[in-house]
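Taking it in order: structure first as structure tokens, then the write-up.
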Amino acid sequence: MSKGLFITFEGGDGSGKSTQIEKLKDYLEGKGFHVVLTREPGGTKISEDIREIILDSRNTEMSDMTETLLYAAARAQLVEQVIRPAVERGDMVICDRFVDSSMAYQAYGRGLGDIVWDINKNAVGDYMPDLTILLRLDPEAGMGRISGRKQDRIELSSSDFHRRVYEGYLALEKRFPDRIKGIDASRGIEEISEEIINIVQDLI
Ligand code: ADP
Ligand code: TYD
């Protein structure tokens, strides 16, 4: 049996990841693939428990390193328990955020730098996505889209922080051009979806 694919979606808060993931899932299911959807931090009982701690807006005293390690711990469990077994079964796995989120938010946003890469490489045992779709959207526009919904601890960070996250994503796209495909996410939902499907079609 042939292996499946591991596809991740990245981008700032409100960049349209959930919207586009649903559309890609429908497309792939229409082609007869079995699709596994998951999200970070979360996707397993243990990882969802860790998510509660990380995103709790009362946890204002959390250090940047603790935050980084908790994201990496949630990720290690998700790779072992869900992602790797599903890809080995031949499924299409789509994950809402992965290692690049820790690079953008903790390495660039919090300013921890490349130690975040080393921690994550160890956490996932070098298991990286076949394709990463980066939804590029100015952070002000992204935050504007989600201003009506309850904000978690990370979303409540300053606009300077979200600007550094955005710039971090642009740097990652340059660093890993074969894996990360950046897309202009300021356009209409259908136009963006078509571009994503074209990219995925080339892989299947
Ligand atoms: P994310 O998962 O990245 O936080 P969502 O998919 O939840 O983003 O989208 C955030 C909000 O923006 C939702 O209300 C969604 O309906 C809306 N939205 C998504 N894509 C677009 C788009 N291309 N143009 C305008 N609004 C969008
Ligand atoms: P998520 O639930 O995907 O939020 P949204 O749907 O708004 O995009 O992610 C929760 C928050 O955690 C989000 O603000 C990004 C942040 N995050 C990190 O800071 N580092 C990470 O490694 C991950 C996976 C997420």
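The values are calculated or read from the model by the stated rules, or taken from the named source; none is laboratory data. Since the model is a prediction, treat every value here as computed from it, not as a measurement. Neighbour counts are summed over all protein chains in view; Cβ atoms, including those assigned to glycine, are modelled from backbone coordinates with ideal geometry. These accessible areas exclude ligands, DNA and RNA; they are computed on the full protein's heavy atoms, side chains included. Shrake-Rupley method; radii C 1.70, N 1.55, O 1.52, S 1.80 Å.
Please work out if residue 18 is loosely packed, with under 15 Cβ neighbours inside 10 Å and in contact (Cβ under 8 Å) with a residue 24 or more places away in the chain.
yes
Quick one: is residue 112 more than 9 Å from ligand 2 (Cβ to nearest atom) and either of a type in the set (Phe, Trp, Tyr) or part of a loop (DSSP other than H, G, I, E, B) (or both)?
So residue 112 fits the description; yes.
What helices (runs of 4 or more DSSP H) lie completely within region 1-88 and have 3 or more residues being within 24 Å of residue 179 (Cβ to Cβ)?
Answer list for region 1-88: 17-30, 64-78.
Can you confirm whether region 141-150 contains a residue that is without any contact (Cβ under 8 Å) to a residue 60 or more places away in the chain, of a type in the set (Gly, Ala, Ser) and either open to solvent by 50 Å² or more (accessible area, probe 1.4 Å) or out of contact with any helix residue (DSSP H, G or I) (no Cβ under 9 Å at 6 or more places or on another chain) (or both)? Before you say what the answer is, go through the steps one by one.
The first filter runs over region 141-150 and keeps only residues without any contact (Cβ under 8 Å) to a residue 60 or more places away in the chain, leaving 147-150.
Among the residues that remain, those that are also of a type in the set (Gly, Ala, Ser) are: 147-148.
From what's left, either open to solvent by 50 Å² or more (accessible area, probe 1.4 Å) or out of contact with any helix residue (DSSP H, G or I) (no Cβ under 9 Å at 6 or more places or on another chain) (or both): 147-148.
Yes, region 141-150 has at least one match.
Going by what's in this entry, would residue 113 be described as surrounded by fewer than 14 Cβ atoms within 10 Å (Cβ to Cβ) and touching a residue at least 24 places away in the same chain (Cβ under 8 Å)? Lay out the reasoning, then the answer.
On the way: surrounded by fewer than 14 Cβ atoms within 10 Å (Cβ to Cβ): yes; touching a residue at least 24 places away in the same chain (Cβ under 8 Å): no.
Considered against the rule, which asks whether it is surrounded by fewer than 14 Cβ atoms within 10 Å (Cβ to Cβ) and touching a residue at least 24 places away in the same chain (Cβ under 8 Å), residue 113 comes out as no.
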